[in-house]
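One structure below.
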Amino acid sequence: MHSAPIRHGVIAVPAEPYEFLLQPAHCALLIIDMQRDFLEAGGFGEMLGNDVSQLRRTIEPNRRLLAAWRAAGLLVIHTREGHRPDLADLPPAKKIRGRSATCIGDAGPMGRILVRGEPGHDIIPELTPLPGEPVIDKPGKGAFFATDLQAILQHRGITQLIATGVTTEVCVNTTVREANDRGYDCLVLEDCAGSYFPQFHEMGLAMIKAQGGIFGWVGTSRDVIDLLPLTAMKETAP
Ligand code: TIU
């Protein structure tokens, strides 16, 4: 049994640079861009020459965390990076960046690349959202840009986020930075986040927790999962 205390509904989760004071009723699990095009063999990510195994190691920890989070009755929000079928929300600069022969909106191995409604844009089956779990479709790297995420969080009284997903240095980092500037406390779980480049994963996490947690905290899913049963416990008098 974990000895961490629950006081006034707050659970102290081990993290760096120091413990994350989780307030379950005010915290959402934000699972970022766990999409087939990024994680599956034959998708957009692999087509660009990336090693998807670096991302696939996050699937099982995310699956376990998601099950525990749902069992505790807490809010889950999923995001997907992608664009309207007419590409009206795709910046021309994003379309041509990389000078790839095949780019966003073109036919790819799993349908049109990063286009909403296409198979490759979908969340991987291991983490399929349940009815009632908000799914944020975002045209950018950050989950707050041009989406209704902030309104959804405000309506539900959310002030903290546990962030997981891919990739650590791109969409996870951008989202955590956006959230930090909007006043949210963010805990990023290192085993549930991944990058095609291990060194970018390490540095992406280091940048978040540096300087006293300049953007947020870094922890592990095991510590969160171990402590979640406390959300159902009544506090005992000291
Ligand atoms: N979700 C996300 O991170 N989108 C990216 O484009 N990531 C890359 O690492 N390219």
Practice prompt. At 7 Å along the Cα-to-beta-carbon direction for both H8 and D226, put a label point, then send me their distance in nm to one decimal.
Written response: 2.5
Worksheet item: Rg (Å, one decimal) plus Dmax (Å, integer) for the alpha carbons of the range 15-143?
Response: 16.1, 47
Practice prompt. Provide, in order from the shortest bin, the percent of all Cα-Cα pairs of the range 147-213 in each 5 Å bin, continuing until the bin that contains the maximum pair distance.
Written response: 3, 17, 29, 24, 14, 9, 3, 0
Fill in: Residue-by-residue Karplus 3J(HN,Hα) for the range 144-160, coefficients 6.51, -1.76, 1.60, Hz, glycine and proline x
8, 5, 6, 9, 9, 4, 4, 4, 4, 5, 5, 5, 9, x, 8, 10, 10
Discussion item. Quick check: pseudo-label points 7 Å beyond the Cα along Cα→Cβ at D181 and D148, how many nm apart are they?
Written reply: 2.3
Discussion item. Using a 7 Å offset from the Cα along the Cα-to-Cβ direction at both A101 and R63, what is the distance between the two label points in nm, to one decimal?
Written reply: 3.5
Worksheet item: Which whole-number percent is the relative contact order of the chain (Cα, under 8 Å, 6+ apart)?
Response: 27
Response to the item:
Cross-link reach from K94 to aspartates and glutamates, straight Cα distance under 16 Å and at least 8 residues apart if same chain, gives E81, D86, D106
Item to complete: Arrange the following residues from fewest to most other Cβ atoms within 10 Å of their Cβ: R56, R182, R112.
Response: R182, R56, R112
Response to the item:
Checking P131, P198, P24 against a Gaussian network model of the chain (alpha-carbon springs below 10 Å), the top fluctuating residue turns out to be P131
Worksheet, complete the sentence: Beyond 18 Å, the calculated P(r) of the range 4-74 holds a percent of Cα-Cα pairs equal to 56
Discussion item. Based only on other Cβ atoms within 10 Å, what is the fewest-to-most ordering of D191, D33?
Written reply: D191, D33
Discussion item. Based only on other Cβ atoms within 10 Å, what is the fewest-to-most ordering of I208, I32?
Written reply: I208, I32
Response to the item:
Highest GNM mean-square fluctuation among G140, G117, G165, for the chain with Cα springs under 10 Å, belongs to G117
Worksheet item: Using the C-alpha gyration tensor of the chain, what are the square roots of 5 times its eigenvalues, in whole angstrom, with the largest one first?
Response: 32, 17, 17
Worksheet item: According to the square roots a ≥ b ≥ c of the eigenvalues of the Cα gyration tensor, what is the shape class of the range 124-238, taking rounded for a/c under 1.5, prolate for a/b larger than b/c otherwise, and oblate for the remainder?
Response: rounded
Practice prompt. Using θ = phi - 60° and the Karplus relation 6.51 cos²θ - 1.76 cosθ + 1.60, list the HN-Hα couplings for the range 9-22 in order, rounded to whole Hz, with x at every Gly or Pro.
Written response: x, 10, 10, 7, 9, x, 6, 10, x, 7, 4, 9, 8, 6
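Here, each number is a calculation from the coordinates, and none is a lab measurement. Since we're looking at a predicted model, the values are computed, not measured. Note: ideal-geometry Cβ built from the backbone for every residue, glycine included; neighbour counts use all protein chains shown.
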